[in-house]
Amino acid sequence: MTSRAVLVTGASRGIGRAVAAAFATGGDRVAIHHRDSADLAEALRADLPGDGHVVVRADLADPDAVREMVDDAAGRLGGLDVLVNNAGVFGPADPPHPVFGSSYEQWRQRWREVLDTNLFGAANASWCAAQHMRERGGRIVNVSSRGAFRGEPANPAYGASKAGLNALGQSLAVALAPYGIAVATVAPGFVETDMTNEHLKSPRGEAVRAQSPFGRVARPEEIAAAVHWLASPQAQWASGTIVDLNGASYLRS
């Protein structure tokens with residue numbers, strides 16, 4: 001298979017890092033996006049197999065920065081064949097915002113912060129990437145969450161942003177198919193990353209692992225494998241799908 005140009009947002013750590021490694025191992029050239037993790041991004045670039053990988057930076061909450069970043073990635077990679085919308089905010093450092101327990105100001109601020117990155121950032125990156133894929137076709141894969149389906153009572157903006165991402169992916173799957181662009185989504189449950197380690201090492205960790213009948217959480221490489229397949233030429237007919245990757249911890253009809 002010909003080497004492809006791949007942009008992975010939030011690629012300096014966690015799921016994004018594993019996704020970048022999966023594409024590079026498959027012979028693709030990867031643009032590693034980060035917001036404020038330049039050292040990690042450069043270290044990953046140096047570690048990836050193959051040549052031609054680049055590091056790009058943007059705050060996804062800034063629409064102009066997103067456009068510059070996508071165009072920069074496409075320019076340095078010689079085009080763009082795959083976009084993986086992986087970057088998102090939600091973790092131990094992020095303050096929860098329950099209805100009772102946050103002020104109205106905190107409530108509004110948190111919704112804006114989360115939606116700006118998780119939904120608007122992904123939507124803007126998708127629009128920009130599609131401009132580069134219009135004549136050549138391509139793939140867009142979104143990283144959503146089981147929280148889009150089961151809800152996130154302490155972080156409702158996160159759950160809503162991922163539900164919106166699911167809908168965005170399905171809308172784009174229909175809109176972009178005539179241009180040879182397939183769009184699909186993965187919805188992981190808990191994944192073992194730097195972001196979740198605090199939860200998994202706490203007394204709550206056993207309960208989190210027990211959510212799955214396998215008695216564990218996912219490894220980043222398991223999510224990356226699904227993303228890599230959905231971006232493959234063989235997976236065009238999966239366009240519009242949302243793949244649950246939660247170890248049977250949450251089943252939806």
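Couple of notes before you dig in:
- Here V208 passes the criteria (1) crowded, with 16+ Cβ neighbours inside 10 Å; (2) in contact (Cβ under 8 Å) with a residue 24 or more places away in the chain except the one numbered (2).
- For N166, the stated conditions hold: it is touching a strand residue (DSSP E or B) at 6+ places or on another chain (Cβ under 8 Å) and either surrounded by fewer than 22 Cβ atoms within 10 Å (Cβ to Cβ) or modelled with pLDDT under 95 (or both).
- Residue pairs whose Cβ atoms lie under 7 Å apart, sitting 6 or more positions apart in sequence or on different chains, and linking a residue in the range 221-234 that is without any contact (Cβ under 8 Å) to a residue 24 or more places away in the chain to a partner that is surrounded by 16 or more Cβ atoms within 10 Å (Cβ to Cβ) and assigned to a helix (DSSP H, G or I), are W229/A235.
- Residue match in the range 140-151 (condition: assigned to a loop (DSSP other than H, G, I, E, B) and free of Cβ contacts under 8 Å to residues at least 12 places away in the same chain): yes
- Subset of the range 9-62 [surrounded by fewer than 22 Cβ atoms within 10 Å (Cβ to Cβ), small (G, A, S) and over 15 Å from N85 (Cβ atoms)]: A21, G26, G27, S37, A38, A43, A46, G50, G52
- Taking the numbered list (1) surrounded by fewer than 21 Cβ atoms within 10 Å (Cβ to Cβ); (2) over 22 Å from V19 (Cα atoms) in turn, G137 passes all entries but (2).
- Any chance A177 is assigned to a strand (DSSP E or B) and not hydroxyl-bearing (S, T, Y): no
- Unique residue being among the hydrophobic types (A, V, I, L, M, F, W, C) and touching an Asp or Glu at 6+ places or on another chain (Cβ under 6 Å) when the list is A187, A238, A226, A210: A187
- Scoring L200 on the criteria (1) in a loop (DSSP other than H, G, I, E, B); (2) farther than 23 Å from N124 by Cα leaves a single failure, condition (1).
- Taken across the range 9-17, residues that are in contact with a helix residue (DSSP H, G or I) (Cβ under 9 Å, 6 or more places away or on another chain), among the polar types (S, T, N, Q) and modelled with pLDDT of 95 or more do occur, with at least one present.
- Selection of the range 140-158 for residues being in contact with an Asp or Glu (Cβ under 9 Å, 6 or more places away or on another chain) and of a type in the set (A, V, I, L, M, F, W, C) yields F149, A157.
- Residue that is nearest to A184 (Cα to Cα) [pool: residues in the range 74-88 that are part of a loop (DSSP other than H, G, I, E, B) and within 19 Å of the chain's Cα centre (by Cα)]: N86
- Residue within the range 78-89 that is touching a Pro at 6+ places or on another chain (Cβ under 8 Å), at pLDDT 95 or above and either under 23 Å from N166 (Cα atoms) or not polar (S, T, N, Q) (or both) present: no
- Just one of the numbered conditions (1) touching a helix residue (DSSP H, G or I) at 6+ places or on another chain (Cβ under 6 Å); (2) surrounded by 22 or more Cβ atoms within 10 Å (Cβ to Cβ); (3) assigned to a helix (DSSP H, G or I) is not true of W111: (2).
The values are calculated or read from the model by the stated rules, or taken from the named source; none is laboratory data. None of these values were measured; they are calculated from a predicted model. All Cβ positions, even for glycine, are placed from backbone atoms using ideal geometry, and neighbour counts span all protein chains on display.
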